[in-house]
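Only one structure is covered here, and it is reproduced in the block below.
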């Protein structure tokens with residue numbers, strides 16, 4: 001795991017174990033079967049937890065082989081009150097081993113409620129003011145249809161200015177995460193540039209770096225629109241969120257990384273944040289500091305390139321703690337962009 005190879009080696013030094021689902025989708029009445037693989041003689045258990053590591057049931061001992069998780073942990077078959085994805089972690093001799101499985105509840109959509117508003121410069125835009133069941137299920141509870149189950153993976157963006165490791169947050173935006181993982185897996189982002197860099201807002205706060213358009217123009221997409229999700233993940237330094245047009249459901253493949261809380265707090269609830277960088281702060285800042293050919297559009301003179309985007313196993317989750325790594329912390333120190341007033345968007 002490239003938040004450093006040394007760190008990964010220390011994280012997964014526990015006895016090896018693997019969890020793999022027999023399939024991706026499980027209906028509400030079907031057994032949720034997974035394969036448990038581990039060295040002979042090891043004491044195995046399964047832990048069901050929230051993203052922050054909160055245990056949702058006592059650890060359940062298991063043996064290697066096929067396990068019906070639904071029978072062993074009926075809690076996973078109940079739609080969570082929060083509607084959030086949960087995680088199934090294998091424990092070997094009391095230590096987490098192998099990547100967790102994401103247990104994502106398949107729920108009917110919460111759609112955005114919008115109103116027309118005006119920006120400070122007077123231009124109109126569509127503002128999200130709330131969420132509710134999508135028509136024709138107005139005022140009806142969300143329908144639970146079963147689980148989507150898959151191994152937790154991180155995304156590594158290897159760029160011409162360094163690498164960024166991104167931890168996904170399916171507990172906040174499950175369908176957005178699934179879309180992003182499939183695009184990465186299919187090679188969609190390989191060779192794609194960061195076509196827009198906004199180092200500072202008009203108020204002088206670091207803003208965003210944006211990529212994900214295979215045409216490099218800012219107009220390209222994967223051929224579909226992605227329904228927006230009600231993510232509560234805050235737009236902070238290193239958080240990745242979906243770029244879109246005025247229509248809340250117009251995202252597809254374009255994304256942006258936030259450069260500061262001060263610059264991007266206003267995006268909370270309006271854009272769908274779906275992951276957070278756990279390594280690569282220097283790369284994010286290097287991209288933010290590239291020379292711009294056009295300040296008004298944020299077009300770099302030489303746009304940084306995503307040489308390759310890849311999926312790697314996520315580190316094991318510890319009950320009571322969650323992931324062993326943490327999102328990038330924002331560091332406040334002047335960058336070249338902040339010392340050049342002509343780089344402030346007009």
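Taken together, the values in this text are just the output of simple stated rules run on the coordinates, not laboratory data. Since the model is a prediction, treat every value here as computed from it, not as a measurement. Positions of Cβ are backbone-derived with ideal geometry, glycine not excepted, and every protein chain shown enters the neighbour counts.
Given 37 °C and 0.692 mPa s, compute D for region 29-122 with the Stokes-Einstein relation, Rh being the Kirkwood radius over Cα pairs; round to the nearest whole µm²/s. Mind dumping the intermediate values first?
Details: Rh = 15.4 Å.
D, rounded to a whole number, is 213 µm²/s.
Take every Cα-Cα pair in the chain and report what % of them are more than 29 Å apart. Could you put the intermediate results ahead of the total?
Working: 25224 of 59685 pairs.
That fraction is 42 percent.
With labels modelled as points extended 7 Å from the Cα through the Cβ direction, what inter-label distance (nm, one decimal) is found for residue 140 paired with residue 52?
3.3
Mark the label point 7 Å from the Cα of residue 129 along Cα→Cβ and return the residues of region 261-285 whose backbone N is within less than 14 Å of it.
From region 261-285, the list is empty.
Using a 10 Å cut-off around each Cβ, can you sort 287, 306, 28, 128 from fewest to most neighbouring Cβ atoms? Present the calculation step by step, with values, prior to reporting the outcome.
Numbers: 287 25, 306 20, 28 13, 128 16.
Ranking 287, 306, 28, 128 by Cβ neighbours within 10 Å, fewest first, gives 28, 128, 306, 287.
Ranked by Cβ crowding within 10 angstrom, fewest neighbours first, how are 99, 250 ordered? Could you put the intermediate results ahead of the total?
Details: 99 25, 250 16.
By the 10 Å Cβ count, ascending: 250, 99.
Roughly speaking, what is the centre-to-centre gap between region 215-256 and region 55-72 when only Cα atoms are used, to the nearest Å?
37
If I take R0 = 35 Å and measure r between the Cβ atoms of residue 35 and residue 224 in this structure, what FRET efficiency does the formula 1/(1 + (r/R0)^6) give, to the nearest 0.05? Could the numbers behind the result be given before it?
Values: r = 33 Å, r/R0 = 0.94.
After rounding to 0.05, the efficiency reads 0.60.
Give me the number: length gained by fully extending residue 268 to residue 117, i.e. 0.36 nm times residue separation minus the C-alpha to C-alpha distance, one decimal in nm.
Working: separation 151, 0.36 × 151 = 54.36 nm, distance 1.59 nm.
Residue separation times 0.36 nm, minus the Cα-Cα distance, leaves 52.8 nm.
For the Cα atoms of the chain, what angle does the longest principal axis make with the long axis of helix 174-185, in degrees from 0 to 90, nearest 10?
Rounded to the nearest ten degrees, it is 80.
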